[in-house]
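The values are calculated or read from the model by the stated rules, or taken from the named source; none is laboratory data. Nothing here was measured: the structure is a model prediction, and the numbers come from that model. Cβ: placed from backbone, ideal geometry, glycine included. Neighbour counts: every protein chain shown.
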Amino acid sequence: MTATPSPIRVRIAPSPTGNLHIGTARTTLFNYLFARHHGGTLILRIEDTDQVRSQAHFTENILSGLKGLGLSWDEGPDVGGAFGPYFQSERNDIYFKALAELEAKEQVYPCFCSEADLQAERQLAEQAGTTYIYSRKCSQLPQAEAQARIESGATPVWRLRVPSKAVVFDDLIRGRIEIQSDLIGDIIIAKRDRSPIYNFAVVIDDVEMQISHVLRGEDHISNTPKQILIYEALGATLPAFGHFPMILAPDRSKLSKRHGATSVGEYLDKGFLTEALVNYLALLGWSAPDNREVLALNELSEFFDLDHVNKSGAIFDIEKLTWLNGQWLRQLPRETLLERLDPWLEKQGTPAAGFDRDWLLAVIDLVQEKCRLLPEILEQAQFLLQAELIPDPEQSQKAFELASAKEVLSAFAAAFEQLDTWTVETLHSLFEQQKSQLPYKMKEIMWPLRAALTGRTAGADLQQSLFLLGQKRSHERLQSALSQLKG
Ligand code: GLU
């Protein structure tokens, strides 16, 4: 890899035309990790030139979503910096000035061709079976004539005078890329009102903000040669370029809404942890040098480099993300987990404040092992958190139909009542004793018990569960099941 120029200044430039997309989150993460790894600066710039589709609430969603993932930037609309403004919509004067400079250097020319003129050119190319490139008709207009037409009210677009040459760049991820500028033609860089076209604004901003590395998704790779031509016209130093592989659906098509959730918020709403999401996003196109998979943000910053970013598309695998989430559920301190569960507990009408904190922590400990998503914890612990038992009808029926049910429940009810101290240990001995006395197999004992006490035939460790459920509630549940069986 080529030596990294210093100082390192990278940027992310989201367009606020939708909620925070996982692709934007991944690009931000990679830029963040690159900046942190190399002690560089990360700049966040909002590309809101599309006035119709850009909306303030999307900007808010993107900024808060990125912060929620634990990411931060050194310059941006919310934190300021020496190279602002950081909203493109506030930078028009800068773009106008740059256009005027290119005009003065005759690097751009006004194009008066109408839409109909261009359409006719396009058709000719189509008939000839060639790629359409603008004919450069207006580039021949004498300057005085162009000036006169503008003075009499014509509003041209502005085209870059593109020299015929090979545009070459060494992509930090994809290697050498080369394209003949003749296949690009004299691109439009400013509209009839002199406002910049996307590629022009991006280059001006990247030059003005002294960006050293432009690291973005591969969907922008076709813009890069055009942008390089603009840098050259401006006489500006080129940054290094690197394009991250696309995030693909399992069928290898571009990930889109029809494959499921595409915004970060939707994943958080499903009960994924920010730690797991960040960890998974990092693995979308990158792998750690030692192939470790469960990595926290600080570890990712330590290990991340462009050398280990892949060229080929990264498949978004929900199973892998869910697995990672399970790893993180077990890895996070249970106090943190309780904090994350807070809104979920609130939402299901059993707020954390209604329980003893240590008891809640013990409940988390009990069920966490088998869970992969936050709401699964609530589901597994439902029989403890909800005052009333909410039985699974099928499982209860299956258990209570067993010939052993009535006798098992009666025997345990009597034993529960007589137990002096209610601890996990005394419960273990009680179970051992009952099992040796009852003439039934394991399943014939455990199914009715579990169904009566937890509403299911399987779940977390039963003695631990009962300890947390308490003697009174456990006894009541057996009695209630017995009366149901007798009725
Ligand atoms: N605004 C572009 C996007 O949201 C980013 C452009 C760039 O990184 O150059 O995809």
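Observations, loosely collected:
- Filter result (part of a strand (DSSP E or B) and within 16 Å of the ligand (Cβ to nearest atom)) within region 178-189: Ile189
- If you check Phe112, Phe96 for being more than 16 Å from the ligand (Cβ to nearest atom), touching a helix residue (DSSP H, G or I) at 6+ places or on another chain (Cβ under 7 Å), at negative phi and of a type outside the set (A, V, I, L, M), only one passes: Phe112.
- Ser54 being farther than 24 Å from Asn279 by Cα, crowded, with 17+ Cβ neighbours inside 10 Å and out of contact with any helix residue (DSSP H, G or I) (no Cβ under 7 Å at 6 or more places or on another chain): yes
- Looking only at region 29-64, residues that are closer than 14 Å to Tyr86 by Cα and either assigned to a strand (DSSP E or B) or among the β-branched types (Val, Ile, Thr) (or both) come to 6 in all.
- Any hit, region 45-57, residues being away from the ligand (no atom under 16 Å from the Cβ) and of a type outside the set (D, E, K, R): yes
- Matching entry among Thr274, Thr224 (being more than 16 Å from the ligand (Cβ to nearest atom) and of a type in the set (Val, Ile, Thr)): Thr274
- Qualifying positions in region 366-378 - among the charged types (D, E, K, R) and either closer than 21 Å to Glu444 by Cβ or at pLDDT below 95 (or both): Glu369, Lys370
- Among residues of region 203-220 that are more than 8 Å from the ligand (Cβ to nearest atom), those with a Cβ under 6 angstrom from a residue that is at pLDDT below 95, sequence gap 6+ or separate chain, pair up as Ser212/Pro5.
- Pairs where the first residue, in region 349-373, is within 18 Å of Ala276 (Cα to Cα) and the second is part of a loop (DSSP other than H, G, I, E, B) and of a type in the set (Phe, Trp, Tyr), C-beta under 8 Å, 6+ apart: Leu373/Phe272
- Just one of the listed residues (Ser253, Ser164) is over 25 Å from Glu103 (Cα atoms), polar (S, T, N, Q) and either surrounded by 20 or more Cβ atoms within 10 Å (Cβ to Cβ) or away from the ligand (no atom under 12 Å from the Cβ) (or both), namely Ser253.
To keep it simple, each residue is scored yes or no on (1) at pLDDT 95 or above; (2) closer than 20 Å to Ile228 by Cβ; (3) outside any helix (DSSP H, G or I).
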{"residue": "Ala125", "(1), (2), (3)": "no, no, no"}
{"residue": "Thr131", "(1), (2), (3)": "no, yes, yes"}
{"residue": "Cys138", "(1), (2), (3)": "yes, no, no"}
{"residue": "Arg149", "(1), (2), (3)": "yes, no, no"}
{"residue": "Thr155", "(1), (2), (3)": "yes, no, yes"}
{"residue": "Trp158", "(1), (2), (3)": "yes, yes, yes"}
{"residue": "Pro163", "(1), (2), (3)": "yes, yes, yes"}
{"residue": "Phe169", "(1), (2), (3)": "yes, yes, yes"}
{"residue": "Arg176", "(1), (2), (3)": "yes, yes, yes"}
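- The set of residues from region 113-123 being outside any helix (DSSP H, G or I) and exposed (fewer than 11 other Cβ atoms within 10 Å of the Cβ) comprises just one member, Ser114.
- Checked against (1) under 16 Å from Phe169 (Cα atoms); (2) surrounded by fewer than 17 Cβ atoms within 10 Å (Cβ to Cβ); (3) touching a Ser or Thr at 6+ places or on another chain (Cβ under 7 Å), Thr237 passes all but condition (3).
- Failed condition for Gly185, given (1) at positive phi; (2) in contact with a Pro (Cβ under 6 Å, 6 or more places away or on another chain): (2)
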